[in-house]
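Enquirer: Have a look at the structure that comes next, please.
The values are calculated or read from the model by the stated rules, or taken from the named source; none is laboratory data. No experiment lies behind these values; they were computed from the predicted model shown. Neighbour counts are summed over all protein chains in view; Cβ atoms, including those assigned to glycine, are modelled from backbone coordinates with ideal geometry. Accessible surface is based on the protein model in full, side chains and every heavy atom, while ligands, DNA and RNA are left aside. Shrake-Rupley method; radii C 1.70, N 1.55, O 1.52, S 1.80 Å.
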Amino acid sequence: AAQADSGKMGDMGVLGGRVDSGSGAFRRALTRLATEALDAAAIAFGSATLNANLMPAMGAVLAYFQGLKFREKAALSFGSFGWGPGGAEAIQKALENDLKYPTLAAPLKSKLRPTPEVLKQCREAGAALAAEAWRRYEADR
């Protein structure tokens with residue numbers, strides 16, 4: 001299911017969501033993500049790693065967003081991996097090369113379960129993304 005933050009972050013144009021490709025509602029969720037992302041100033045994209053690449057559902061999201069040609073958005077990529085990395089890096093590459101979104105940091109990665117240090121990095125990156133969204137929101141007023 002797609003899920004948007006309905007609090008202040010949503011008002012600033014920050015979208016948070018999850019798409020489950022196993023769900024019969026995948027197309028509706030993808031459409032809802034795209035609808036919410038239309039007005040978002042900043043987006044974080046994340047995926048676990050599967051076969052040294054991103055998960056298929058995230059690949060579908062990125063491909064769909066590329067076709068929609070949204071205006072430039074600040075972005076972050078994040079992901080987890082087990083045997084070897086790849087998912088977060090693939091997202092970062094798509095954000096920068098295909099979607100032309102400026103990324104605020106290197107991909108945030110965690111091997112298996114995130115450590116307290118990785119969680120700290122995630123909070124800092126999220127705060128930077130929110131600050132950039134706020135800056136863009138203020139500039140558009």
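Enquirer: Since ALA139 meets every condition but one in (1) modelled with pLDDT under 95; (2) under 24 Å from LEU30 (Cβ atoms), which condition does it not meet?
Expert: In the conditions (1) modelled with pLDDT under 95; (2) under 24 Å from LEU30 (Cβ atoms), ALA139 misses (2) alone.
Enquirer: Which condition number does TRP83 fail, the rest of (1) open to solvent by less than 30 Å² (accessible area, probe 1.4 Å); (2) farther than 22 Å from ALA125 by Cβ; (3) in a loop (DSSP other than H, G, I, E, B) being met?
Expert: Looking at each condition in turn, TRP83 falls short on (1).
Enquirer: When you go through (1) open to solvent by 50 Å² or more (accessible area, probe 1.4 Å); (2) modelled with pLDDT of 95 or more one by one for LEU112, which number turns out not to apply?
Expert: (2)
Enquirer: Follow-up. (1) within 19 Å of ALA133 (Cβ to Cβ); (2) polar (S, T, N, Q); (3) open to solvent by 20 Å² or more (accessible area, probe 1.4 Å): which one isn't true of ASN53, the others all being true?
Expert: (1)
Enquirer: So ALA105 passes all but one of these: (1) open to solvent by 50 Å² or more (accessible area, probe 1.4 Å); (2) assigned to a loop (DSSP other than H, G, I, E, B). Which condition number does it fail?
Expert: It is condition (1) that ALA105 fails.
Enquirer: Here is a further query. Give me a count of the residues in region 52-78 that are outside any helix (DSSP H, G or I) and on the phi < 0 side of the Ramachandran plot. Before the answer, list the steps.
Expert: Looking only at region 52-78, we keep the residues that are outside any helix (DSSP H, G or I), and these are 52-55, 69-78.
Now narrow it down to the ones that are on the phi < 0 side of the Ramachandran plot: 53-55, 70-78.
The qualifying residues number 12.
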